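The next block holds one structure in the form of structure tokens; read it before the comments.
The values are calculated or read from the model by the stated rules, or taken from the named source; none is laboratory data. If you're wondering where the values come from, they're calculated on a predicted model, not measured in any experiment. No Cβ is skipped: glycine too gets one built from the backbone with ideal geometry, and neighbour counts run over all protein chains shown. The accessibility values were calculated without ligands, DNA or RNA, using every heavy atom of the protein model including side chains. Shrake-Rupley method; radii C 1.70, N 1.55, O 1.52, S 1.80 Å.
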Amino acid sequence: MAPDDDLDDDVPPTLRTAVVAHEGAHAHDAHPSATPAHEEPTDRRIPVAVEAAPEHGSLLVLTGRNAGQLCVLERLSTIVGRHPDCDLWLEDTSVSRRHARIAQLEAEARYQIEDLGSHNGTFVSGRRVTRAELTVGDRIQVGRVLMRFGVTDAHEDELRQRLYASSTRDALTHVHNRAHFEERLESELAYAHRHDAPLSLLAIDVGAPTGHGPKVIAKRTLRMTAATLSSIVRTEDLLARYGGDRFVVLVRGIGAASARLLADRLARSVAEACPDAHLRIGIASLSDLPPKATGAALVAAAIAAID
């Protein structure tokens, strides 16, 4: 506890300072060279000043499934939209496939937003715009998604990206966590139903090879398995730790036959990279379920199919 924590708030600041100084003097007299047990000694080395990093524009997503995500405006032109190929991919049906473009102007850290003929429009600080220059603090709305424009540097970017990753990633394996998977599943399912597109799910249980190893899988084995799976899964698909020794892979655009080929490849690759792990994989495809099947039904079917 700090020396002045239990001083009355009514004591004038000047008197409070004097009391603290007086108490500190007695403590020093009693133990002139002692350092309190709870306090580390001051590092007296003069630190080198951290060099200022160049500043650039950035967009912080405030609402929707991407809330918390930071998009650094590193390119001369950044496309925002619902299509996975966009520089900032917003998973919201109110956002057009190619909704808006943000371009860097000639002057440093000056940016302009342009609507690309979107259905629901682009708004800057509450005003619908076709094209507008952005200022720090502007709130940008595309569809139902709100974002804030700012000017940041690499240090701030790293901090925000780490905070966002901690909310969507599994701490042990660094793949996506279950909460993020369930959010993404709903959006992928809605897209598949709307466009009659293939969608498959792999449920993967990690165990020890038959007759070998402990029943409880080591953390190192789970990390190595996750790393191997991550190296194979496509960028547009989603790998997540569902819980315990179970992973899931949400695969867009392919049916049961192709999903089975992927499952075989995953099992072989993990067996080669991590001999302590054996995968048991169940597959479910949306085409095999009743019309308008839910995400929970797809997950249940994949888990039930684990062999």
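Worth a mention:
- Out of 237, 264, 196, sole residue that is within 15 Å of residue 283 (Cβ to Cβ), of a type in the set (Asp, Glu) and either exposed (fewer than 15 other Cβ atoms within 10 Å of the Cβ) or in contact with a Cys (Cβ under 7 Å, 6 or more places away or on another chain) (or both): 264
- Tallying residues that are touching a Leu at 6+ places or on another chain (Cβ under 9 Å) and hydroxyl-bearing (Ser, Thr, Tyr) within the range 216-233 yields 3.
- Comparison of 136, 72 shows that the only residue that is more than 30 Å from residue 178 (Cβ to Cβ) and either over 25 Å from the mean Cα position of the chain (by Cα) or not charged (D, E, K, R) (or both) is 136.
- Subset of the range 128-138 that is within 19 Å of residue 60 (Cα to Cα) and either without any contact (Cβ under 8 Å) to a residue 40 or more places away in the chain or of a type in the set (D, E, K, R) (or both) - its residue that is surrounded by the most Cβ atoms within 10 Å (Cβ to Cβ): 132
- In a residue-by-residue description of the range 156-172, the property of being more than 22 Å from the chain's Cα centre (by Cα), open to solvent by 80 Å² or more (accessible area, probe 1.4 Å) and either among the aliphatic types (A, V, I, L, M) or modelled with pLDDT of 95 or more (or both) applies to no position.
- Qualifying residues in the range 270-288 (those that are among the acidic types (Asp, Glu) and over 16 Å from residue 203 (Cβ atoms)) - the one surrounded by the fewest Cβ atoms within 10 Å (Cβ to Cβ): 272
- Flag for residue 104 being at pLDDT 80 or above and open to solvent by 50 Å² or more (accessible area, probe 1.4 Å): yes
- Subset of the range 76-94 (residues that are of a type in the set (A, V, I, L, M) and either surrounded by fewer than 16 Cβ atoms within 10 Å (Cβ to Cβ) or touching a Cys at 6+ places or on another chain (Cβ under 9 Å) (or both)): 76, 79, 80, 88
- The set of residues from the range 258-275 being in contact (Cβ under 8 Å) with a residue 40 or more places away in the chain and under 24 Å from residue 288 (Cβ atoms) comprises 258, 259, 262, 263, 266.
- Members of the range 184-215 that are over 23 Å from residue 66 (Cα atoms) and at pLDDT below 90: 207, 208, 209, 210, 211, 212, 213, 214, 215
- When the criteria are applied in full, residue 181 meets the requirement of being part of a helix (DSSP H, G or I), at pLDDT 90 or above and among the aromatic types (Phe, Trp, Tyr).
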